[in-house]
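Chemist: Would you mind keeping the following structure in view while I ask a few things?
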Amino acid sequence: MTPKEKRNERLAARLMKSLNRRNMEAFYCPTAADAVKKVSELIEDGNSVAWGGSMTIRDLGIPAMLKSRGTLELLDREQVDAPEDVRAIYLRSFSADVYLTSANAISEDGVIVNIDGNGNRVAAITWGPKKVIFVVGMNKVVQTVEAALTRARSVASPINAQRFDIDTPCQKDGACHNCNSPQSICSYVHFLRNSRHQGRHVVVLVGEDLGY
């Protein structure tokens, strides 16, 4: 085991205790392959499943894994083109059995921070789907809630602005300007402090660098 692997394993053990105290279930998977297997285990046959615009979920190949099972109802917004059809998928996602997402950052004491442009992802995290599963690379773990917000604003958001090619100051120079641009990717800032309902929020920590 490398020094980084040892550190990730030990930090994950501490973080899982913090998440448990916040009424969230947590698992640690050393590798991406382990994480995909764990996510599959957490989803029952017959479940309806939706997911947000997470690069972690896509890079891990989770949508392909879900499709290969052939026993799930998948709410995949990438299978539709018209804006009204995309909106319909967003709305149906609130009644899904499982919603998959990642995090922009997570503090060592278990607060999960996400930032959205449209708000559909953070809305689903807050209310609606019966279960929300976060898949989070250990590269997104930071010391404090303040550091988590800084990471979301200064690292994840400018990269996502490049990904979506939106007209914001951070898209032009890569730095957060705390802007009020009409296309701001930081319109909705979400802190998940506690899970109100036992078993609703599940965090799968992964000992690899994933997503932004």
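The values are calculated or read from the model by the stated rules, or taken from the named source; none is laboratory data. Everything quoted here is computed from the prediction, not taken from an experiment. With ideal geometry, Cβ positions are generated from the backbone for all residues, glycine too; neighbour counts draw on all protein chains shown. To get the accessible areas, we keep the full protein, side chains included, count just its heavy atoms, and leave off ligands, DNA and RNA. Shrake-Rupley method; radii C 1.70, N 1.55, O 1.52, S 1.80 Å.
Chemist: To the nearest 20 debye, what charge dipole does segment 101-180 have about its Cα centre, counting +1 at the Cβ of each Lys and Arg and -1 at the Cβ of each Asp and Glu? List each step's numbers first, then the result.
Modeler: Details: 8 positive and 7 negative charges, 58 e Å.
Using only the charged Cβ atoms, the result is roughly 280 debye.
Chemist: With all protein chains present, calculate the accessible area of D59 using a 1.4 Å probe and round the result to the nearest 10 Å².
Modeler: 100
Chemist: Simple spin-label model, 7 Å along Cα-to-Cβ: S18 to K67 in nm?
Modeler: 3.7
Chemist: At 1.4 Å probe radius, can you tell me the per residue accessible area of the chain in Å²? Show your work: numbers first, answer last.
Modeler: Working: 10420 Å² over 212 residues.
Roughly 49 Å² per residue, with all protein chains present.
Chemist: While we're looking at this one, here's another question. Out of the DSSP beta bridges found with both residues in the chain, what percent are antiparallel (nearest 5)? Present the calculation step by step, with values, prior to reporting the outcome.
Modeler: Values: 7 of 30 bridges.
Approximately 25 percent, going by the DSSP bridge assignments.
Chemist: First compute the accessible area of the chain with a 1.4 Å probe, then give the percent of it belonging to carbon and sulfur atoms.
Modeler: Details: 5110 of 10420 Å².
That fraction is 49 percent.
Chemist: In deg cm²/dmol, rounded to 500, what helix-only [θ] at 222 nm does the chain give when every DSSP H run of at least 4 residues adds -39500 (n - 2.57) and the total is split over its residues?
Modeler: Values: 9 runs with 81 residues, N = 212.
Taking each H run of at least 4 residues, the total per residue is -11000 deg cm²/dmol.
Chemist: Let me ask something else about it. Pairs of Cα atoms under 8 Å, at least six residues apart: use those to get the relative contact order of the chain, whole percent. Walk me through the numbers before you get to the answer.
Modeler: Working: 400 pairs, mean separation 62.7, N = 212.
About 30 percent, as a whole number.
Chemist: Mind listing P(r) for the chain? All alpha-carbon pairs, 10 Å bins, whole percents.
Modeler: Binned Cα distances yield the sequence 9, 35, 38, 17, 2.
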